Amino acid sequence: MKYFHDKIEKKWQKFWADNQTFKASNNSDKPKYYVLDMFPYPSGAGLHVGHPLGYIASDIYARYKRHKGFNVLHPQGYDSFGLPAEQYAIQTGQHPAKTTEVNIATYRKQLDRIGFSFDWSREVRTSNPDFYKYTQWIFTLLFDSYYCKDANQARPISEIIPLFETEGNLPLNAVCDEDTPQITAEEWNNFSETEKQEFLLKYRLTFLSETTVNWCAELGTVLANDEIVNGVSERGGHPVVQKKMKQWSMRITAYAQRLLDDLQGLDWPQPIKDIQTNWIGRSEGAHLEFKIQNSTHKVGVFTTRPDTIFGVSFMTLAPEHELVAEITTAAQKEEVEAYIKATAKRSERDRMSDVKTISGCFTGAHAEHPFTKEAIPIYIGDYVLAGYGTGAVMAVPCGDQRDYDFAKHFNIPILNIFKDVDISEKAHEDKGNTIIVNSDFLTDLPYKKAFKTVIYEMEKQGFGYKKINYRLRDAVFSRQRYWGEPFPVYYKDGMPQMIAKEHLPIRLPEVENYLPTSDGKPPLGNANTWAWNVEKAEVVSNDLIDNKTIFPLELNTMPGWAGSSWYFNRYMDAHNTEDFAAAEALNYWQDVDLYIGGSEHATGHLLYSRFWQKFLYDLQYVPKKEYAKKLINQGMILGESAFVYRLVYTNQFISKNIFKKLLSNKDLSSKEEKLISNNWNNDIKGLMYQSIHVDVSIVNTSNELDVEAFKKSRKEYKDVEFILEDGKYIVGREVEKMSKSKYNVVNPDLICEEYGADSLRLFEMFLGPLEQSKPWKTSGISGVYSFLKKLWKLYQIGDNGIAHISEEEPSKESLKTLHKTIKKVDEDIANFSFNTSVSSFMIAVNELTQQKCNHRAILEPLLVLISPYAPHIAEELWEKLGHKGSISTVAYPEFDAKHLVESNKTYPISFNGKMRFTLDLSLDLSKEEIEAAVMADERTQKQLDGRTPKKVIVVPGKIVNIVG
RNA sequence: GCUCAAGUGGCGGAAUUGGUAGACGCGCUGGAUUCAAAAUCCAGUUCUUUCGGGAGUGUGGGUUCGAUUCCCACCUUGAGUACCA
C-alpha cells in the first residue's frame, strides 16, 4: 500500500476535531504547560507559507509536551480589530465585522489544513464583545488607579482623595504629569467637582491630556511611536506630523524602571531585551533650575553631565518651549517669532533627516549660572526636542558636539573644563578618563567624583537634584477610527466618567459611514445612538442628550494593541462571563511557558502587554508580574521572486542567461544576436531594460516560465515576443520579503494539496534554524516528501492495510539507531533546533531501511518521536500497527544509554592539528597503549618522514594529535 | 553615528563543554530500471593537484598540541534606534 497524504490527513484532522483530542482541562494531575502563539490579524490575503512557521514550531513543542506527560494549553485566536478591515470598509461600504468574519473563516480553514493541535474551544477574538468587555474593564481599572512610588505599585485612586482633603498633594509620592502644581488641602477643598476631576487626571494611569501627537492625515488618526517607521506610518507609509490634540494616554512611564528591571529574569532573546532596554532609554543625571535674570521665571533642565556645569556658556530651549514667549526681549521678538514659525513649518521628518544644518535664535534673555552667578545667554534651537526631558538644555560646548557646533555657529565662547584636552576641533564627549578643571570646587576631580559632588552641592543649595530620565513616553491610547474597542466612557461637564463593569460591554455602534465626520470628529461621531443614559445604564439616541442623566459617549476607539495586551490571560478561561478569567484558572495556568512570535513587536505589543500584566499584578488580578517566561522569535521566510527582462521600447522579453550576457557585454552567438531587436543593439551599454516581477506560480522549479500563462496574465503581454534559450524562457531569481506586490507569495494550501501538511511541517522546520530568516524554495520539499514515503515503506503496509511487523527482539544496530535518535531529538527540542531533528529522522529511517528493520520494538517508539513533527502519518501508522485512538498522548520513549555503548573508536589521527587518517582502536586502551598503537602504524611513520615527534597528545575516546 | 546579530560548497544549512569541517536535504553528474517519462534505486559531488598530496569556515593578527568555536582589529550584510542633552 502506498502513501497517500490526502486521505490520511483529512481523516485525522476530522478525528481530532470530533474527539476534541487537544482540548485542555483546567484541572489535571499532570503538570501544566502553556504554549502560546502570537495570534494573527486575519487579513484578506490569507496565509502564505511564512505565517505558519512559528505555529508549526509551537505545535511541535506542544505535542512533544503532551507525549512527555504535561497538561498542555495550546490555544489560538484572532487579533481581529485593525486598520485594513476599516480601510476596506471605507472603500466598499462593507461592515468591517463582516469582512473580518470572512477572513477568519479563510484563516481557520488554512490553519486546520496544517494539522495544528490547537484547543479551538478557547478561541478568542479581540473584536468580539464578550472579549472587549474586559478590555474596556481593564481600561476603567487603569483610570481608577494611580502609581504610588512608595509602594512602587499601582493603587486605587480613591485612596488619595482623603489625603488631598487633609494634607494636599505635598506628602503624596506618586507618578503624575510633569506640570502638576503643589496644592494645599484648602485649595483642594475649594476646587469645584470638575476641578477636582481635572486634577485627579494628572495622577490616573490612563488619562486625558492635551498632548503633542503623531497625526497621520491619510489614515485620519494619531499613531503611537512604535507605529511609525522612518517617519512614516507603519501601515501604508503615509506622512506623519506633530499635532496638539486631547487624547487618552497610558502612563506606561510609571512602570519604566520595573519594565527594565524585570527583563533580567526573562528567558527572552537578547535582541528583544536590548531593543526594549534602548526604547525605555534610562539615563541618570540631574535636574537643575536656572534663574532667569530680570524675571521671576526659572528654566529647568535635565543633564547627564552635571559635572560639566562650569562649562556652561549658554542655554538652548526648544522652539516650542512654553517660556520662550515670556522671556524673549522686545528687540528679539520679531526674529524669534520668525524662527518659531519656520521650524513649525518643517515636518518632524525634515527635522530628523536634516541633522547637519544648525539653526537657532537668540532670545535676548539671560539666565544666571547657579554657581558663578554669571549671565548665560538663552537661545532657542530646533536641535532641542520639546518632548524629551524638560525641552531645555544647559549647553556645554566643550563636552557635547551639538552644543559645540551651535556655539561655533553663533560665536558663543567655549570654555574648556577638561584637563589636557584639546577642544579646538571638536567637543570632548568621553567621560571615562577625564579630569575636570577650571571648575571651582570640582577642579581636579574625575568624572564620577565630580558627578556626585556637584549633585550633593546642588541639593544642598536647593536648585537641583539627582534625576533618572527615561526616553520612554506615555503611550497615546486614542485612535480616531471606527474598527476598534469603544471606550467605556461618557462625558459629564467635559470630564470623563467610567461606565461600571456590570454595564459592559459598550458595543460598537452602527454607522453608515466609516470616515471622520464633516466637522472633523472621529467616525463614531456618525453614530446616532451613541449617548449614555446613566439611570437606565444603556446606550441611547444622541437626541436625548440633556447632560443631566444622558451624556455623550467617547468618540475615539482604542488602538490595535489594547486587546493583545491581555489576551493570553483570557485563554485560561475563555468563556467566563463574570470575570476576564476565574481566579482558579489563573492560578492553575499562571503564565505562558513558551511564547512564539515575531520580533517586530518588540517595542509594541511585547512592551505594552508586560505593562498591563504588571498593572493587573499590582491589583492582584493575575498571579505573575511577567506573563511569558520564555519567548522565541521565529525568523521570516523570504520569497524567491521571479523576474523577466524586457527591453525598453520593445515587446521583447529576454531569457535570463542571454540577458546576463548582454549586461556583461559578452559576445552573443550570431543566432541570439539576430533575434534581438535593433533598439537594443544600438545601445547595449545603456542598460535599457526593465526587470519585471512575474508570479512565481507560473514558473516551475527549474526556473522555466510558462510563457502561455504569462501572455494571458495581462492584456499588454498578449503579443510579446520571447527570446528563448534552449527553447525555454528562464527567469531571474532574487530573494525578497514575501509579499503580494512582489508576486512571490507561496500559498500553503497548494503545498498541502500536492505534498501534504506533514511535508509542509517538516519542510518549514527543515529550512534552517527557527529564529533565522531564510528563503523558501518549493523545489526543496521533495526531500522531506520522499522521507515520508520511505518512512511509510518501512512499516510494510500490505494491501489489506495491515503492517507487516516483527514482534521479535530487534538487532543491536536497530536499537542503537533508535536510541541515538531519541537522544538527539530530545536535545534538539530542548534547544528549539527543529531543523536538525528532521535530519536525524532522515538518518534514522535511512539506517533502519538499510537494516531491514521491521520490529515493533523499534518502529513504535520511532512513531512517537516523529508524531509532533508529522502527526498525520504518525497517527495513521500507529493505527496500522493495531492501536485504537490517537498517538498524541502516548508516552515518549525513554532513552537508554546502554544501547550506545561502544567498544571501539575510530580515532582521527592528526598531525599538527590536521587530520590525516583514522585508526580503529579499542576504547579500553590506556593513553600509552593508544600512543604505541598510533606510532606503530606505518602511515604515522610516513607522515613523520623520519622526524621524531616533539609531543603526542592523546585524548582517549576523542583524538590523537602528533606535534612535530 | 550608536546598539545588537550574522558571515561555512552551486543553494538551505550541520558540527551542544575548543577535538575527523561540510551531517541532512536541494541541485548537479553518471549509472540501473523503463518503449519513454514520472517515480524508485545505486555511485559521485568544497577547491586544487604532477593523484603523493596541498589548501580551506568574511579579512588580518593572537591564545592553544589543536580554533568554524575563545580573544583583538578590520571588512561586509541584516536588524533596531537616531539631534534623548
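The values are calculated or read from the model by the stated rules, or taken from the named source; none is laboratory data. In this text the structure is predicted, and so the values were computed from the model without any measurement. Positions of Cβ are generated from backbone atoms using ideal geometry, with glycine treated the same way; all protein chains shown enter the neighbour counts. SASA here: full protein model, heavy atoms, side chains in, ligands and nucleic acids out. Shrake-Rupley method; radii C 1.70, N 1.55, O 1.52, S 1.80 Å.
Numbers for the structure displayed
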{"item": "Residue check, residue A:59 touching a residue at least 60 places away in the same chain (Cβ under 8 Å), within 24 Å of residue A:627 (Cβ to Cβ), in contact with a helix residue (DSSP H, G or I) (Cβ under 6 Å, 6 or more places away or on another chain) and acidic (Asp, Glu)", "result": "no"}
{"item": "Residue match in region A:280-301 (condition: within 20 Å of the chain's Cα centre (by Cα), of a type outside the set (D, E, K, R) and at pLDDT 90 or above)", "result": "yes"}
{"item": "Tally of residues being within 16 Å of RNA strand B (Cβ to nearest atom) and surrounded by 24 or more Cβ atoms within 10 Å (Cβ to Cβ) across region A:364-375", "result": "1"}
{"item": "Given (1) within 11 Å of RNA strand B (Cβ to nearest atom); (2) within 20 Å of residue A:457 (Cα to Cα), index of the condition residue A:299 fails", "result": "(1)"}
{"item": "Candidates A:585, A:581, filtered to the one that is assigned to a helix (DSSP H, G or I), within 30 Å of residue A:29 (Cα to Cα) and among the small types (Gly, Ala, Ser)", "result": "A:585"}
{"item": "Scan of region A:783-802 for residues that are under 15 Å from residue A:877 (Cβ atoms) and either assigned to a strand (DSSP E or B) or open to solvent by less than 40 Å² (accessible area, probe 1.4 Å) (or both), ordered by number", "result": "A:787, A:788, A:791, A:792, A:794, A:795, A:797, A:798, A:801"}
{"item": "Considering residues of region A:415-427 that are open to solvent by 50 Å² or more (accessible area, probe 1.4 Å) and either among the hydrophobic types (A, V, I, L, M, F, W, C) or touching a helix residue (DSSP H, G or I) at 6+ places or on another chain (Cβ under 7 Å) (or both) only, the residue modelled with the lowest pLDDT", "result": "A:426"}
{"item": "Filter result (crowded, with 17+ Cβ neighbours inside 10 Å and without any contact (Cβ under 8 Å) to a residue 24 or more places away in the chain) within region A:805-833", "result": "A:824, A:828"}
{"item": "Complete set of residues in region A:377-402 that are buried (at least 22 other Cβ atoms within 10 Å of the Cβ) and of a type in the set (A, V, I, L, M, F, W, C)", "result": "A:378, A:380, A:384, A:392, A:393, A:394, A:395, A:396, A:398"}
{"item": "Residue within region A:879-887 that is surrounded by fewer than 11 Cβ atoms within 10 Å (Cβ to Cβ), more than 16 Å from RNA strand B (Cβ to nearest atom), part of a helix (DSSP H, G or I) and under 47 Å from the mean Cα position of the chain (by Cα) present", "result": "no"}
{"item": "Per-region count, region A:834-865, residues in contact with a Leu (Cβ under 8 Å, 6 or more places away or on another chain) and either within 26 Å of residue A:53 (Cα to Cα) or open to solvent by less than 40 Å² (accessible area, probe 1.4 Å) (or both)", "result": "15"}
{"item": "Some residue of region A:403-413 being open to solvent by 30 Å² or more (accessible area, probe 1.4 Å), in a loop (DSSP other than H, G, I, E, B), more than 12 Å from RNA strand B (Cβ to nearest atom) and not hydroxyl-bearing (Ser, Thr, Tyr)", "result": "yes"}
{"item": "Filter result (part of a helix (DSSP H, G or I) and either at pLDDT 85 or above or surrounded by 15 or more Cβ atoms within 10 Å (Cβ to Cβ) (or both)) within region A:680-696", "result": "A:680, A:696"}
{"item": "Tally, over region A:247-293, of residues that are open to solvent by 10 Å² or more (accessible area, probe 1.4 Å), more than 15 Å from RNA strand B (Cβ to nearest atom), of a type in the set (S, T, N, Q) and in contact (Cβ under 8 Å) with a residue 12 or more places away in the chain", "result": "2"}
{"item": "Inter-residue pairs, beta-carbon under 8 Å, first over 8 Å from residue A:136 (Cβ atoms) and of a type in the set (Lys, Arg) and in region A:493-506, second buried (at least 16 other Cβ atoms within 10 Å of the Cβ) and modelled with pLDDT of 95 or more, 6+ apart", "result": "A:501/A:137; A:501/A:140"}
